[in-house]
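A short worksheet on the structure shown next.
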Amino acid sequence: MPRVALYYAPRPNDPLSDLGSRWLGRDPANNAAVSQPDLDRIAEITADPRRYGFHATLKPPMHLAANTGWTELVAAVRGMAAGIAPFCLPKLEVADVGGFVALRETTPCPALHALADACVEQLDSFRAPPAPGELARRRAATLSPEQNALLVRWGYPYVFSAWFFHMTLTRRLSEAEKAGILPAARTWFAPALAVPRRVEDICLFTQAEAGAAFTLAMRVPLLGRTRR
């Protein structure tokens, strides 16, 4: 069955979009393969995040509930986004996140966290309950009591207080692998990370079937007014 997710993804004219797609080896806007940097085993190291596309998760991938559909979901996302104002994204950095290499914000961003919370809560009626096998797979990661409670209620353990912004660049790496990949990623992304950017829309990504790549289906602009 198809799945849908809400992501942050840099806009097409943002240099981070091109560098992120080239790092992972796939452009999620057209699902086309693109050449990667000349690094040892880069295709294998980036295989997992390549399938999801260059992004930061706002609402995790979900099957749509039986009484809902794509048209209704899009209308709900547009309605939610109409009340959320665009905001500046803090400067990003390449970091080691529990063994994964990812882009993280350098300072906390309450507006970013509020956006993710809104996506999870306001669109939850569109989420089909996870299958028992999915729950078991999540719990195999040794969740905390709080994370397990979030999994039961929201279908995913890393939301609300357990959520943090990250744009995954690799699978989990050994210390030896990180010694080579971390400095290479910092050099690769440095030109784009020096550019200021705003969050101006949220992205709907879709996955046609299990194991398929996620592709960018549409961007929904944030239309709320900035408070002064």
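Rule-based calculations on the coordinates, nothing more; no lab input. Note that the structure is predicted; figures quoted are calculated from it, not measured. Here Cβ is always computed from backbone atoms with ideal geometry, including for glycine, and neighbour counts include all displayed protein chains.
Distance between the C-alpha centres of the stretch 117-151 and the stretch 27-92: 18 Å, rounded to the whole angstrom. When the helices of the chain are scored as -39500 (n - 2.57) per DSSP H run of n ≥ 4 and the total is divided over every residue, the value at 222 nm lands at -10500 deg cm²/dmol. Residues whose amide H comes within less than 5 Å of that of Leu223, counting only those at least five positions distant or on another chain, are Ala82, Gly83, Ile84 (H built at 1.01 Å from N in the peptide plane).
Residue by residue, the stretch 126-141 carries 3J(HN,Hα) couplings of 8, 8, 6, x, x, 5, x, x, 5, 4, 5, 5, 5, 5, 5, 7 Hz when phi is fed to the Karplus relation 6.51 cos²θ - 1.76 cosθ + 1.60 (θ = phi - 60°); x denotes Gly or Pro.
Taking one quarter of the surface of the convex hull spanned by the alpha-carbon atoms of the stretch 1-75 gives a direction-averaged projected area of 6.2 nm². Per-residue Karplus couplings for the stretch 148-161, computed as 6.51 cos²θ - 1.76 cosθ + 1.60 with θ equal to phi - 60°, are listed in order as 5, 5, 5, 4, 5, 7, 10, x, 7, x, 10, 10, 6, 5 Hz, Gly and Pro entered as x. When the chain is treated as a GNM with alpha-carbon contacts under 10 Å, the residue of Asp124, Asp201, Asp40 showing the greatest mean-square fluctuation is Asp40. Taking Cβ atoms as reference points and 13 Å as the exclusive limit, the residues near Ala82 contribute a net charge of +1, counting Lys and Arg as +1 and Asp and Glu as -1.
D by Stokes-Einstein for the chain, Kirkwood Rh over Cα pairs, 20 °C, 1.002 mPa s: 117 µm²/s. Residues whose amide H comes within less than 5 Å of that of Ala128, counting only those at least five positions distant or on another chain, are His63, Leu64, Ala65 (H built at 1.01 Å from N in the peptide plane).
Ranked by how many other Cβ atoms sit within 10 Å of their own Cβ, fewest first, the residues Cys119, Cys109, Cys88 fall in the order Cys88, Cys109, Cys119. Alpha-carbon geometry of the stretch 97-178: the Rg and the Dmax are 14.5, 44 Å, given in that order. Amide H contacts for Ala217 (H built 1.01 Å from N in the peptide plane; partners 5 or more residues away or on another chain; cut-off under 5 Å): Leu204, Phe205, Thr206.
Rounded to the nearest Hz, the phi-derived 3J(HN,Hα) couplings of the stretch 6-12 under the Karplus curve 6.51 cos²θ - 1.76 cosθ + 1.60 (θ = phi - 60°) are 10, 10, 8, 9, x, 5, x, where x marks glycine and proline. In summary, the convex hull built on the alpha carbon positions of the stretch 114-228 has an orientation-averaged projected area of 10.7 nm².
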